[in-house]
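The values are calculated or read from the model by the stated rules, or taken from the named source; none is laboratory data. No experiment lies behind these values; they were computed from the predicted model shown. Note: ideal-geometry Cβ built from the backbone for every residue, glycine included; neighbour counts use all protein chains shown. Each accessible area value is taken on the protein alone, full model and side chains, heavy atoms only, with ligands, DNA and RNA left out. Shrake-Rupley method; radii C 1.70, N 1.55, O 1.52, S 1.80 Å.
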Amino acid sequence: MSDDSLRPEDFAEAAGAAITDAEGKSFAEKTAVLAENGLFGVIVAEEQGGLGLDLSFGIPIVAVAGKLQLRYPLVEQMLVASALAGEDIGAAIVGGEKTAAIAWQGSLEEGYATHATFVADADYVLVASGEGAALLDRASGEVQEDPSLDPDYPQYTLKLEGAATVATLSAEAFAKLKFKAKVLYGAFAAGAGEGAMDRAASHMAGRVQFGRPLSAKQAVRHTMARMKLLTETSYAGLQRAIAQDEFGAARDVDTAFAGAIGNSCFIIEKAIHLHGGMGFTWELPLHCSLRDVRKIDAAFNTGGVVKSIGKAFIAAA
Amino acid sequence: MTYNIEVAHPDPATSRSAYRAHAREWLRANLPSSMRADSVDYKTPSLNECRDWEEAMYRAGLAGMTWPKEYGGYGLTLREHLAVNKEIGALMMPESVGSVGKELAGPIIMAVGTEEQKQEFLPKILAMKNYWCQGFSEPEAGSDLVRLRTRAVEENGNWRINGQKIWTSGAMKADYCLLLTRTGTVADKHKGLLMFAVPMNTHGIRVVPIKSIDGKESFAEVFFDDVVVPDSARLGKPDEGWSAAIRVLSIERATNRMYRPWRFEAELKMLVAAFKSDPELAKLLEDGYYQRRIGQIATEIDGLKGLIEQAVDQMAGGAPIGARGSLNKLFWSETHQAFATFAYEMVSQIKPTASAEALRAKKHFTTAYLFARAESIYAGVSEVQLDIIAQRILNLPKDL
């Protein structure tokens, strides 16, 4: 799209309406709603059936999904659609006829892949293969559920012996996909944190103890302020990561990703704490956001990412 | 020391990188190694050396970028200011000795000063012809400035000032004090606050240095005993100066010393390079604990860069910065305090037989650790910033 008047926040508002519409529907119905609103093709070129927008639009859209607790592989759909743009499978994903999950650890060569979510409903699963990646027919591999972190939306392990490859990504294409994944998952986590912060702020303003709202207590106000600071830092870091510097050089995304995941975990855990006993219950959906962000954290081994940032810094100094 | 100030200033319109490239080239070519804190040749520069360096930077187009040309500035935008600051941060150069003038007094004078005051003060601030100190805090009025008691009474066209200021950075060297007084009583709270540009050599001003945690005497108590200044020293009308100061302070909190994350990064490089320079210390860098801590600090530094670049984008787009400066202040001060603590933990393991670079780092980071204790206090303590964020950004109610 070439209309410079388009603003990412306007798109995020429209995306929010679609995501709200998809709420409570089946996986297939969600797919239809989100596809109809063009969300899978946000970062796919117009001539390839997408909206032709860049990642600066993807960030607020995915953040809204995190904020509204969309439990659907929106990021995976956007990533695979973008990586396979121009191919039939890519078009099918943009249109919502097909769906894809991504297993972030393991590889075809190792014979297994792990840290994938939404696999049971997906048509395809993307796994690493050599320096690149392979898109597999999900039905051709053996799938094992790991519900320990999230019984409703579990992580999956796939045994890949005999799995059928339907498309491949070069090393360069897979590296691009991983860059975008860190941006978009970082944004999803930032949105999830923001949603938790908003819930906590609302609860603190309405919950009265000793004749005053909890939000009158300095300890509560200061904790909430730190949550806001980290939310803003996450968004600012992600937007910076996708912008070139003054000399036109691209930036690394790892610090923004690791920051967003760490910040989001802190914010959601604090939001649970601030809700008291209610925060610990299944009834209040804060646990859903915590599970979702921790799944991303585990898939990318954020602690390992931080260590690798340190190693790279040491090597360069 | 002589610097190359006969240098062409680029037109930022020619390319996005033009001004940053100019800043990079000039600073690297001109900053003496004796003024680089990461150099083994480093010697604490004198006030005159710092002044000459800052004046040269100004002549080279690297200070006063956003100030109007008629007052000695270069009439550029915050984007060029940020570009230059990135390069200032990337080198371990001395902290500005003229920052109170450039970042506080100057903008306030521009906002409320008379034309005569602007012509008199502003070009001299940029050219480092006079130093300023900030006379706001008092023994009973730190973060809570409405309790300030220093009184200004109008007498026959002059003002008679009595009171005491404290934590006044640079008072011993200052030519002028940006002085906040009140014309009424403490019961008036925010009403009747009045600002002055007071020459520090005025009869009745007494400066008593205070020794700080790092052993330096960088701030002082300043006593005003029957100090009489002409009405021409007044900055704005009663109330006007203070409301302008609040406006300026909120902008400054977001934009002043915006080189910080790039400087923190340079400091982190200095720390790592010092350890790499010594075979025994270099082994520590292979430890996953240190790698992870360094990665975490680098992550926070990048987050701070994001906050600052976002603030500049918003202001360049005409959006008011409002209370968002508190986000930046809180984040930089706590990020750097944590970094300084970690750096001290590392350098405390350096033995006297270590490399010259390591010994230099030990000295630098031990002082930095001590000085960093002030960072969550000055320019608005962390608790005040947290209150501002809770009140003005999150709008959290205090009552039903």
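See the values below:
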| read-out | value |
| --- | --- |
| Gain upon complete extension [B:GLU280, B:ASP226; 0.36 nm per residue less C-alpha separation] | 13.3 nm |
| Choice from A:ALA116, A:ALA63, A:ALA171 showing the highest fluctuation, given a GNM over chain A with Cα pairs closer than 10 Å | A:ALA171 |
| Theoretical ellipticity at 222 nm over chain A - DSSP helices of four or more residues, -39500 (n - 2.57) apiece, nearest 500 | -17500 deg cm²/dmol |
| Accessible area of chain B divided out per residue, in Å², using a probe of 1.4 angstrom | 43 |
| Residue mean of other protein chain beta carbons inside 10 Å, B:307-314 | 3 |
| Spacing of the two label points (7 Å from each Cα toward its C-beta) at A:GLN244 and B:ASP214, in nm | 3.9 |
| Cα-centred dipole magnitude for the range B:257-393, charges only on beta-carbon of K, R (+1) and D, E (-1), debye, nearest 20 | 280 |
| Accessible area of A:ILE296 in the full protein assembly, 1.4 Å probe (Å², nearest 10) | 10 |
| FRET efficiency, B:ASP239 to B:VAL384 (Cβ-Cβ, R0 25 Å, nearest 0.05) | 0.70 |
| Structure-based [θ]222 nm, chain B - -39500 (n - 2.57) summed over DSSP H runs of at least 4, per residue, nearest 500 | -14000 deg cm²/dmol |
| With DNA, RNA and ligands ignored, accessible area of B:GLU309 (1.4 Å probe; Å², nearest 10) | 20 |
| Nearest-20 debye value, chain B charge dipole, Cβ charges on Lys, Arg, Asp, Glu | 320 |
| Two-site label geometry, A:ASP121 and B:GLU116: point separation in nm, points 7 Å out along Cα→Cβ | 7.6 |
| The range B:54-61 - phi-based ³J(HN,Hα) in whole Hz, Karplus 6.51/-1.76/1.60, Gly and Pro as x | 5, 5, 4, 4, 4, 4, 7, x |
| Shape of the range A:1-98, Cα gyration tensor, a/c cut at 1.5 | oblate |
| Cα extents of chain B along the three principal axes, largest first (Å) | 72, 54, 44 |
| Cα point-scatterer Debye curve for the protein assembly as shown, base-10 log of I(q)/I(0) at q = 0.08, 0.10, 0.11, 0.12 Å⁻¹ | -0.73, -1.07, -1.23, -1.37 |
| DSSP-defined antiparallel bridges as percent of all bridges, the protein assembly as shown, nearest 5 | 85 |
| Candidates B:GLN291, B:GLN134, B:GLN164: whichever shows maximal mean-square fluctuation once chain B is modelled as a Gaussian network with Cα springs under 10 Å | B:GLN291 |
| Fraction of accessible area attributable to carbon and sulfur, chain B (%, probe 1.4 Å) | 51 |
| Average beta carbon contacts from partner chains per residue of A:230-243, 10 Å cutoff | 5 |
| Simple label model, 7 Å out from Cα along Cβ direction - A:LYS176 to A:LEU149, nm | 2.8 |
| 3J(HN,Hα) from dihedral phi, the range B:384-391, Karplus parametrisation 6.51/-1.76/1.60, rounded to Hz, x for glycine, proline | 5, 4, 4, 4, 4, 5, 5, 7 |
| Burial order of peptide ranges A:92-99, B:186-193, A:248-255 (average beta-carbon count within 10 Å, highest first) | A:92-99, A:248-255, B:186-193 |
| Chymotrypsin sites (Phe, Trp or Tyr not before Pro) within the range B:104-196, DSSP loop, no more than 13 other Cβ atoms inside 10 Å | none |
| Interface size A-B, as summed buried accessible area [1.4 Å probe, Å², nearest 100] | 4000 |
| For a label point 7 Å along the Cα-to-beta-carbon line of B:ALA29, residues of the range B:57-98 with backbone N under 14 Å | B:57, B:60-62 |
| Cα gyration tensor, the range B:132-237 - rounded (a/c under 1.5), prolate or oblate | oblate |
| Accessible surface of A:MET278 - all protein chains present, 1.4 Å probe, nearest 10 Å² | 100 |
| Residues B:ILE5 and B:LYS129, FRET efficiency given R0 of 22 Å [Cβ-Cβ distance, rounded to 0.05] | 0.90 |
| For A:LEU169, distant residues with modelled amide H under 5 Å away | A:ALA133, A:ALA134, A:LEU135 |
| Dipole in debye (nearest 20) - the protein assembly as shown, about Cα centre, beta carbon charges: Lys, Arg +1; Asp, Glu -1 | 2560 |
| Å² of accessible area per residue within chain A, as computed with a 1.4 Å probe and no ligands counted | 41 |
| Averaged over A:214-221, number of beta-carbon atoms from partner chains that fall within 10 Å | 4 |
| Tally of Lys pairs whose C-alpha atoms are under 15 Å apart, taken over the range B:257-393, 8 or more apart or cross-chain | 7 |
| Additional length obtainable on full extension of the chain from A:ALA219 to A:ARG251, 0.36 nm per residue less Cα span | 7.8 nm |
| Positions from the range A:293-313 whose accessible area shrinks by 50 Å² or more when the full protein complex is built, not the chain alone, probe 1.4 Å | A:VAL306, A:LYS307, A:PHE313 |
| Of all accessible heavy-atom area on chain A, the percent that carbon and sulfur account for (1.4 Å) | 50 |
| Listed residues A:GLY66, A:GLY86, A:GLY24, most fluctuating in chain A (Gaussian network, C-alpha, under 10 Å) | A:GLY24 |
| Förster-model FRET efficiency, 45 Å R0, A:THR168 and B:THR66, C-beta, rounded to 0.05 | 0.30 |
